[in-house]
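What follows is a single structure, written as structure tokens, with notes after it.
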Amino acid sequence: MSFIKLITLFLAVLGSPLFVVIAALALLSFYGVGIDLSVVIIEMSRLSDTPMLLSLPLFIFAGTMLSESGTPQRILHLSRLLLGWLPGGLAVVALLVCAVFTAFTGASGVTIFALGGLLLPAMLKDGYPEKFSLGLITTAGSLGLLFPPSLPLILYGVVSETRIDHLFLAGILPGILMLLLLVAYSMKMSPPLRREQQKKLKASEVWAGLKESAWELPLPFIVLGGIYGGIFVAGEAAAVTALYVLIVEVFIYRDISLRKLPDIMMKSMMLFGGILVVLAASMASTNFLVDQEVPTRLFELIRQYISSKYTFLLVLNIFLLIVGSMLDIFSALVLVVPLILPVAEAYGVNLTHLGIIFLTNLQIGYCTPPVGLNLFLASYRFEKPVVELYRATLPFLAILMVTLVIITYFPPLSLWLLSFLG
Amino acid sequence: RADTRPKYYFKIASLAPAGSVWAQRFDEFAEEVKTKTNGEVGFKVYPGGVMGDDPSVYRKMKIGQLQGGGFTMTGIAEIVPDFAVLGVPFLLRSYEEVDLVIQGVWPNFKKSFADNGLVLLGMSEVGFVYAMSTWPVSTVSDMKKTKCWVPQGDLVSPVYLSTLGVNATSLAIPDVLSSLQTGLIDTVFNSYYGSIVLQWFTQTRYVSDLPFAYSYGVFLLDAKSFSRLPADYAAIIESSALKYFAILLNDTRKSNADSLDVLKKNGVNMVNVPPESRKQLQEHGVKSVERVVGKVFSNDIYQAVVKRLDIFRNNHRENASKVSIDSAS
Amino acid sequence: MIHNVYRICSWLLRGLDRAEEVLICLLLSVMIVLSCLQIVLRLFFSGGFLWADPLVRHLVIWVGMFGAAAVTNRGKHIALDVISFLLPPKLLPWLRIVIDLFSATVCGVLVWAAIVFVRNEAMFGGRELLGIPSWGWNLVFPLAFTLITLRFLLGVGRELRRISGKQESLTVEESV
Ligand code: NA
Ligand code: NA
């Protein structure tokens, strides 16, 4: 039995679909303890009791539409009009736009491909050093995962059964802190403005830019205002966003033709399907762990060595950084959260706060050598050796680590906004 | 690990959280059974819904991953519809009625569960649930203006509310508090104790002072596993279950009574429901029964309940009149 | 002869792909419209359908599982590929065959488990929705996993043809 499991793990590192590997391990484990294999499907069918799951496919669809439309260019254009005249303005623009865009589309590489391609030449032209620009764009590719309605945030809510409206609020201040530190560093590192770049802010241009993006600017307010204004729950917010984006991009801006719509639907539902089967398979493997009381025993084991909550969080961070650099964010969430959740709860960690810690770690994992996804995406997109990107992202990585420490050991940063919810 | 397991091993799942009264009493029950059977019968509890909701637990009992579970009425009524009968709004009005009716229909329930391969061992309760609202709801016309919540899977309450002319929103329990906060719903149903445990009372500052419906649950074992037990062990389990689930019932009623004080101390207001509105609400209960009987649960079980209730209420009336005659003479 | 069988098969498979596409687009559209309709009904008519939310929750599973079947077609599943680049390129097609065979086996077992599950659902009941019993809604698992298994097997066939040098004729037919 364990020999077959070993082969399965070997096939996993050789590139087998992750859902197949997890399902195989779950099937073998249940078979090993004599439980009927249909338990695997019983667990998968539990997903239809999860109301929050609805928001995943709908936000993915909305995000895919946004990234296939002219929205990135329009938002970038407007931000440059508004902030481009500042010293370091373009770097700030890059960080802000990437963060907003990642929040809506997820860090699926879209940010680096769609926005990075526009931003890098612009930064080089304005005299930013290449290494700095590459590092900034690579890091920014996963910036914004803490802002609503980011998909990993929703997935954490689904897996941990934490309220998604809470998670959305909890991510805002830590996300802003991260942005502020990166912005401060970027402004310090930016070249001085040349004369022709100064005094560019013209009211007429800004007005035109605002008019151009008029239909996209309300999006964050639809998502947040709808949820916190009591008009709809998070799942419905996703439906409204999807419908709104569809109408705006297809009928108002006409960036996407009706004939292209089925393609975009397929593309986004395939992305969702890929995540759903991993989630489904992990439901089964998690149930085996629960059946065998692994989380309880894990806690008892850890408790022998670690007594304080703060030491536990330190070890957790190191563990998650390693996991984050090896696994993609969705797999990491569905596999690790069910295991860690009961342990963290036993140490008295607030589960909403835990979610923010998880996401910050996994976000950093995107840029961590040797296998951080963003490094490879940027290497592919900008045709640079990965090793060069390792070096370029190091200072940014250091800043992200500082925010991780603050986020971990200063829970009010995550939880303060929640206190207004009553 | 398998070697250290007792000879007869029951894995039990429950939605009740670890450390709750339910889990505590169940541990005591399990301990007593273990001692009386010389350690040959053992229970392992999976609390807090880690094995899934009621239908999932039932499925897992059918394939042998689990051997028992603590179920809520709405969850298990999907499988054994007759069990839903006591949840009809305004059918039962006091704990006295509850105890007498359950005593009367216990054999009916026992048989319905047995037909589905389940052994009924004990009943537990949430208690009487009250309409709790963000604003004072006193009369029937107030009630019609509410944005009411109904539990997901509940088939009876939505029918009642719609005969009353109230539009209900069906939500899972975890979504209720946030929906109250955002104003998606403004009226929920819960026991005093439940509204504290789930923190709903922080939003619903007004409780309509009229028991709306009885909410309850059940402890079941898988008949196949149960039948493997020697007769004396089975008897031990049955008698211990009766004992500890009776204690649990007392615990629950006491916490509900205590919770009422806590609610009042926390500034929750009891809203008086005038007699004519009470009467109207109760009559609608009977009307809605006509729409669900034979569909949601059988007519047989309903008649069995009504019969017990009539006997009880007639006795009660006679007793009451006797008392008044006695005091008059 | 074999060539004709192959042509008919690939024609059938393309039909299947089209049907899958239509199904996915339809399900997604229904999900969006129904969820928005619920909001409108609640806000302006203080009503709504009690069946709508459970229905949408089932549709999410249907659209996701068929989405996963579509992903299998294009070999784009989430995977943890960390050492295959160490292998000599000549071995890669064989590695893909091993992986596809392994995946087909696992998904085959899942199909069997799903059939047992659906049979149990039909026997022991469960909540019906819009007149369709619970086993009907859960048919998505045997159906989607069958489709996924089939596609992993097709992947094996494709690699084998490629290795045996029939790559050109295959790509021509696929592009038709
Ligand atoms: Na899981
Ligand atoms: Na990663």
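The values are calculated or read from the model by the stated rules, or taken from the named source; none is laboratory data. Treat the numbers as computed from the prediction; the structure is a model and nothing was measured. Positions of Cβ are generated from backbone atoms using ideal geometry, with glycine treated the same way; all protein chains shown enter the neighbour counts. All accessible areas refer to the heavy atoms of the entire protein, side chains included, with ligands and DNA or RNA removed. Shrake-Rupley method; radii C 1.70, N 1.55, O 1.52, S 1.80 Å.
Shown for chain C are the DSSP H helices of 30 Å or more along their axis, judged by Cα atoms, with a mean Kyte-Doolittle hydropathy of at least 0.5: C:2-45, C:52-73, C:92-124, C:140-163. Measuring between their Cα centroids, segment B:263-316 and segment A:129-176 lie 51 Å from each other.
Per-residue ellipticity at 222 nm computed for chain A from its helices equals -23000 deg cm²/dmol, with DSSP H segments shorter than 4 residues left out and the rest contributing -39,500 (n - 2.57). State the Cα centre-to-centre distance between segment A:347-384 and segment C:142-164 in whole Å. Computed from Cα coordinates, the inter-centre distance equals 34 Å. For segment B:242-248, the Karplus equation 6.51 cos²θ - 1.76 cosθ + 1.60, evaluated at θ = phi - 60°, returns couplings of 4, 4, 6, 6, 5, 4, 4 Hz by residue, with Gly and Pro reported as x.
Computed on chain A, with alpha-carbon pairs under 8 angstrom and 6+ residues apart, the relative contact order is 25 percent.
Let me know the Kirkwood hydrodynamic radius for segment C:51-175, please, with Cα pairs as the basis and the value in Å to one decimal.
Computed over Cα pairs of segment C:51-175, the Kirkwood hydrodynamic radius comes out at 16.8 Å.
In terms of solvent-accessible area of protein heavy atoms at a 1.4 angstrom probe, what is the ranking of A:H353, B:H284, A:H77, highest value first?
Details: A:H353 5, B:H284 30, A:H77 90 Å².
Result, largest first: A:H77, B:H284, A:H353.
Within a Cβ distance under 14 Å of B:S112, other residues only, what is the Lys/Arg minus Asp/Glu net charge? Intermediate results must be reported in sequence, preceding the final value.
Details: positive: B:K110, B:K111; negative: B:E78, B:D82, B:D115, B:D300.
Local charge sum for B:S112: -2.
Annotation: amide H of B:S170 within the under-5 Å range of B:V150, sequence separation 5 or more or interchain, hydrogens built in the peptide plane. Here is the interface size for C with A: some 4700 Å² of accessible area buried, both sides summed, with a 1.4 Å probe.
If R₀ is 51 angstrom, what is the calculated FRET efficiency for the pair C:L139 and A:W85, using the beta carbon separation as r and rounding to 0.05? Don't skip to the end; give the middle numbers.
Working: r = 60 Å, r/R0 = 1.18.
Efficiency, from the Cβ-Cβ distance: 0.25.
At R0 = 35 Å, how high is the FRET efficiency between B:R5 and C:W112 if r is their beta carbon distance? Nearest 0.05 is fine.
Working: r = 29 Å, r/R0 = 0.83.
Step by step, r from the Cβ atoms, then E = 0.75.
Kindly express, to the nearest 10 degrees and within the range 0 to 90, the angle between helix A:219-228's C-alpha long axis and the longest C-alpha principal axis of chain A. Helix A:219-228 and the main axis of chain A meet at about 50 degrees.
Geometric descriptor of segment A:37-421, per residue, is 144 Å³ (volume of the convex hull of the Cα atoms).
Sequence-ordered 3J(HN,Hα) estimates for segment A:375-390 from the Karplus curve with 6.51, -1.76 and 1.60 and θ = phi - 60° stand at 4, 6, 4, 5, 4, 6, 5, 9, 6, 10, x, 4, 4, 5, 6, 3 Hz, glycine and proline given as x.
Compute the Rg/Rh shape ratio of segment B:128-191: radius of gyration over Kirkwood radius, all on alpha-carbon atoms.
Working: Rg = 10.9 Å, Rh = 11.8 Å.
Ratio of gyration radius to Kirkwood radius for segment B:128-191: 0.92.
Of the three principal axes defined by the Cα atoms of the protein assembly as shown, the extents in descending order read 109, 70, 60 Å.
When chains B and A come together, the accessible area they lose, probed at 1.4 Å and totalled over both chains, is close to 2000 Å². Using heavy atoms of the protein chains and a probe of 1.4 Å, the accessible area assigned to B:K62 is about 50 Å². For segment B:33-53, the residues whose amide N sits under 14 Å from a probe point set 7 Å from the Cα of B:S239 along the beta carbon direction are B:33-38.
Please give the charge dipole size of the protein assembly as shown, origin at the Cα centre, charges +1 on K and R Cβ atoms and -1 on D and E Cβ atoms. Round to the nearest 20 debye.
On the way: 75 positive and 68 negative charges, 329 e Å.
Using only the charged Cβ atoms, the result is roughly 1580 debye.
Of all the options A:G235, A:G141, A:G355, the one that moves most in a Gaussian network model of chain A with Cα springs shorter than 10 angstrom is A:G235. Less than 5 angstrom separates the built amide H of B:G127 from those of B:S215, all sequence-distant by 5 or more or on a different chain.
With all pairs of separate Cα atoms included, segment A:1-80 yields a Kirkwood hydrodynamic radius of 16.4 Å. Shown in residue order for segment A:251-260 are the 3J(HN,Hα) couplings computed by the Karplus curve 6.51 cos²θ - 1.76 cosθ + 1.60 at θ = phi - 60°: 9, 9, 7, 6, 6, 10, 7, 4, 6, 7 Hz (x for Gly and Pro). With a threshold of 19 Å on the Cα-Cα distance, the over-threshold entries among B:K7/B:K44; A:K5/B:K7; B:K34/B:K243; A:K267/C:K76; B:K11/B:K62 are A:K5/B:K7.
Near B:G68, the amide H atoms lying under 5 Å from its own belong to B:K11, B:A13, B:D222; only residues 5 or more places off or on other chains count, and H is placed 1.01 Å from N. The label-point distance for B:N315 and A:I7, in a model that sets each label 7 Å from Cα toward Cβ, rounds to 7.0 nm.
Positive end of the dipole of the protein assembly as shown (Cβ unit charges, origin at the Cα centre): among C:L13, A:T352, A:H77, the Cα lying farthest that way belongs to A:H77.
Computed over protein heavy atoms with a 1.4 Å probe, the carbon and sulfur contribution to the accessible area of segment A:37-421 reaches 68%.
Here the simple spin-label model places points 7 Å from the Cα toward Cβ, and for B:E28 and A:Q292 these points are separated by 3.5 nm.
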